[in-house]
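One structure is given below, encoded as structure tokens.
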Amino acid sequence: MSFANCLALMHTGRGMRHFLRDLNISAPSFVSGHAAETSALAEMVGVEPEELLANSVDVKQTHASFRDQRLARAFLSPHAAHFCPACLAADGARECWRQRLIWGFRHVHRCDRHGLWLAHSDNASAEALPDAVSVSTFKQRDTVEDPTPEYIGWLKCSLSNTSTPVWSWLEGQTLEQVLNASEMLGAVLEHGHGVKIKKLAPIEVEQATDIGFSIYREGPEAVTEALDTIHATSPASAVQAGPLAYYGALFDWLDRRANAIDPGPIRDILRTHITKHFAIEPGTNILGEQITARTTYSFQALSDTLGIHRQRLSRILQKFGKVPMGASDKESGRIVFDAAEILPLIEDFQTAISLHDIPGHLGASKRQVEVLYRAGHTSSP
């Protein structure tokens, strides 16, 4: 839009919408970034359509489209909501001001070229910078002290189609999937399970996203290790506490607020982590997918399956080393057993013969069975 506005001011001295109207191009459709109107302008002014399309955000009713990526509308804005005063000063006169694409990303709060925080325009919904920036706002110069986050370098390389570090796992993921997952991982690790992203200051969002990106870029194993930390540091203590209590804002995001736009592979990674740490009944829906097979047993589920009271079962499992010696009922109640490891024990219990019935089963007297038991030829929990 800044390109069209510069052309309009140069040729007519008036705003972009008048210019587009003179060219018989629908201004509302062009402002919304629709491909047909963007291509039409490119052809009329002698520019390759791909050049304008690569820098346009096609805003639809429910989402936005950018370079064939489906994104949330809030993730990348085409409006002149933020700007770097030093960059505009370098552009020259107001009619020459150019909106940089990277300024529209929700996760970008600084100009790494000039080391300044991006300034907020006076009219966040304005289509052109000259209409959005007042003299007083233009004079703002808020210096950034911290080094530029690594994810901004990755984003700039991605936008310019230049070579990026070899993080092959990120290939095929959208910009939003990478940055949102990084932001949520870092925010929970840095600010706790109940973190509210919108209440964080820009520098805190940057730091959280950079922390998360340093983990996320390394792939599924690194993400799983981060989830181990998040799970282990949860303040939850109740036996019945579920995934929301143990993963906090990360689970809430993937469970309720990431349904319109695919959040990427982090959802599957978290689902797998949940099934390993919680006794999920088959048929239960976790993060949009039904669990078809049991992978773990809770202490209560094992008690119900075996038909053994919790306290007695705890004593039995302590003997087998499955529960720490002296564990309280609350402590044992929070233990989760891997289904593959506990299944032989379940089968042993279900096929076991009680001591009372062994004499008849062996055709022996009670005295003979007691001798066999003391000699270790029969066992009992």
Original post:
Roughly speaking, to the nearest percent, how much of region 4-44's 1.4 Å accessible area is carbon and sulfur?
Top reply: 52 percent
Original post:
Across all directions of projection, what mean area in square nanometres is found for the Cα convex hull of the chain?
Top reply: 25.2 nm²
**OP:** Calculate, for the chain, the solvent-accessible area per residue in square angstrom, rolling a 1.4 angstrom probe over the heavy atoms of the protein chains.
**Re:** 53 Å²
Original post:
Between Arg257 and His361, how many nm apart are label points set 7 Å from Cα along the C-beta direction?
Top reply: 5.7 nm
**OP:** With the full set of protein chains in place, find how many percent of the accessible area of region 179-273 is carbon and sulfur; take the probe as 1.4 Å.
**Re:** 51 percent
Original post:
With the radius of gyration and the Kirkwood radius both derived from the Cα set of region 160-302, what is their ratio Rg to Rh?
Top reply: 0.99
**OP:** Return P(r) of region 81-207 (all Cα-Cα pairs; 10 Å bins starting at 0; whole %; ordered from short to long distances).
**Re:** 11, 38, 34, 15, 2
**OP:** Using just the helices of the chain, give the 222 nm mean residue ellipticity in deg cm²/dmol: DSSP H runs with n ≥ 4 each add -39,500 (n - 2.57), and the total is spread over all residues, rounded to 500.
**Re:** -13000 deg cm²/dmol
Subject >> Residue among Pro202, Ser365, Ala327 farthest towards the positive dipole end of the chain, charges placed on Cβ >> reply: Ser365
Original post:
Quick one: length gained pulling Thr292 to Asp131 fully straight, 0.36 nm per residue minus the C-alpha distance?
Top reply: 52.3 nm
**OP:** Consider just the alpha-carbon atoms of region 1-115 and return their Rg together with their Dmax, both in angstrom.
**Re:** 14.3, 42
Subject >> Förster radius 35 Å - calculated FRET efficiency between Leu23 and Glu218, Cβ distance, rounded to 0.05 >> reply: 0.10
Original post:
For region 54-163, which whole percent of the accessible surface, found with a 1.4 angstrom probe, sits on carbon and sulfur atoms?
Top reply: 48 percent
Subject >> Kirkwood Rh and Cα Rg combined as Rg over Rh, evaluated for region 51-107 >> reply: 1.02
Original post:
Distance in nm between label sites at Ser237 and Gln69, each 7 Å beyond Cα in the beta-carbon direction?
Top reply: 4.3 nm
**OP:** Between His82, His277, His361, find the one with the highest GNM mean-square fluctuation for the chain; connect C-alpha pairs within less than 10 Å.
**Re:** His361
Subject >> Length gained when the stretch Met44-Gln318 is fully extended (0.36 nm per residue, less Cα-Cα span) >> reply: 90.6 nm
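The values are calculated or read from the model by the stated rules, or taken from the named source; none is laboratory data. Computed from a predicted model, the values in this text were never measured in an experiment. Heads up, the Cβs are rebuilt from the backbone with ideal geometry, glycines too, and the neighbour counts pull from every protein chain shown. Each accessible area value is taken on the protein alone, full model and side chains, heavy atoms only, with ligands, DNA and RNA left out. Shrake-Rupley method; radii C 1.70, N 1.55, O 1.52, S 1.80 Å.
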